[in-house]
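Asker: Let me give you the structure first, and then I'll get to my questions.
Values in this text are rule-based calculations from the coordinates and carry no lab data. Everything numeric in this text was worked out from a predicted model, so none of it was measured.
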Amino acid sequence: MMTRMLSSGPGVGGRDDLGARLLAEHPRGEEWRQLDVTVANPTLDQLIRMGGLVEPGDQRAAARAQLIEGIGEGELANRLGSRWVRWADTFGLPQPANVRRRIVEVLGHPYMLTDTDELPAAYLAGILAVFDAGLGIAAAPAGDPGTSANQLLTCPWRRTCLPSRFTPSTAYGPHTQSALALLREARTLAPAVVTRIRRRRAALESVEWATARRDVEDSALPGVIPSGRKACSGKLSRPPRMLRASHPPIPTWLRACGAPRPRRPSPGAWDPIPANC
């Protein structure tokens with residue numbers, strides 16, 4: 001559920017496609033898809049607004065602690081911990097010193113950063129609101145008091161980010177379906193294909209490669225947050241770059257795999273949760 005939420009259906013050979021089965025069975029699976037879509041396209045303004053909507057007090061901290069302690073050690077906890085590590089990398093947060101610690105320690109790690117002076121306070125507050133939303137959606141049990149915890153922890157995110165103009169079909173821009181198709185294809189690439197990809201990459205001129213990457217980065221949507229620690233450098237007034245800026249150009253991968261360009265279906269219908277608490 002927590003590794004690639006926009007996938008669906010069983011994987012090759014009947015294997016679960018990156019958590020799609022768990023997502024389909026989860027009572028708040030659709031709400032997680034909504035979170036995943038908005039986290040794929042966050043802006044600095046949204047993060048600051050989310051942080052500003054977090055009400056001070058012990059109620060939120062208590063809800064976090066209760067959900068983390070109650071999540072157990074199963075598949076859901078492991079997938080959520082994996083997403084925590086990836087989000088920390090995306091937003092430029094310090095990673096846990098040892099990700100092989102107990103899962104409850106990994107899940108609690110972002111909330112231990114409030115005493116650090118490495119990150120702007122307003123930025124960190126917004127990021128923690130994203131983690132809160134993920135925790136409230138994934139870990140809160142169905143029914144009371146789980147519903148109350150879900151409402152409390154997701155409120156800043158829902159008020160700020162919903163309804164969203166993005167859908168699971170367009171979360172990463174006009175080439176979303178092509179990119180996701182390539183990610184699914186990459187899971188089953190034969191060693192010979194991987195070798196061809198590496199050779200084609202090595203044959204490219206370094207200047208040409210750098211130019212292509214810069215063109216992708218410069219095509220960013222206005223206001224989308226920069227990747228990793230660029231967001232934490234204090235230079236938040238710089239024109240930001242897309243989170244997906246480091247991905248190689250799609251045509252290079254398609255040529256190396258010998259595959260046709262995937263068809264892009266029309267965006268599906270998507271009913272967002274009302275933007276209120």
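Asker: May I ask you to evaluate 6.51 cos²θ - 1.76 cosθ + 1.60, the Karplus curve with θ = phi - 60°, for each residue of segment 153-163 and list the ³J(HN,Hα) values in order in whole Hz, giving x for glycine and proline?
Answerer: Once θ is set to phi - 60°, the couplings for segment 153-163 become 7, 9, 3, x, 5, 5, 5, 8, 10, 10, x Hz.
Asker: How large is ³J(HN,Hα) for each residue in segment 37-48, as worked out from phi by the Karplus curve 6.51 cos²θ - 1.76 cosθ + 1.60 (θ = phi - 60°), to whole Hz, x for Gly and Pro?
Answerer: Rounded to whole hertz, the list is 5, 6, 5, 6, 9, x, 10, 4, 4, 5, 4, 5.
Asker: Still on this structure, please answer the following. Starting from the Kirkwood radius over alpha-carbon pairs of segment 24-128, derive D by Stokes-Einstein at 25 °C in a medium of 0.890 mPa s and give it in µm² s⁻¹.
Answerer: Once the numbers are plugged in, D ends up at 164 µm²/s.
Asker: Got a sec to turn the phi values of segment 179-196 into Karplus ³J(HN,Hα) couplings, 6.51 cos²θ - 1.76 cosθ + 1.60 with θ = phi - 60°, whole Hz, x for Gly and Pro?
Answerer: 5, 5, 4, 5, 5, 5, 5, 5, 5, 10, 5, 6, x, 5, 5, 4, 4, 5
Asker: A further question on this structure: Take the Cα pairs of segment 89-201, get the Kirkwood Rh, then feed it into Stokes-Einstein at 37 °C and 0.692 mPa s and tell me D in µm²/s.
Answerer: 186 µm²/s
Asker: Can you tell me how segment 44-101 classifies by the Cα gyration tensor, rounded, prolate or oblate, using a/c under 1.5 as the rounded cut?
Answerer: Oblate, since a/c reaches 1.5 and b/c is not below a/b.
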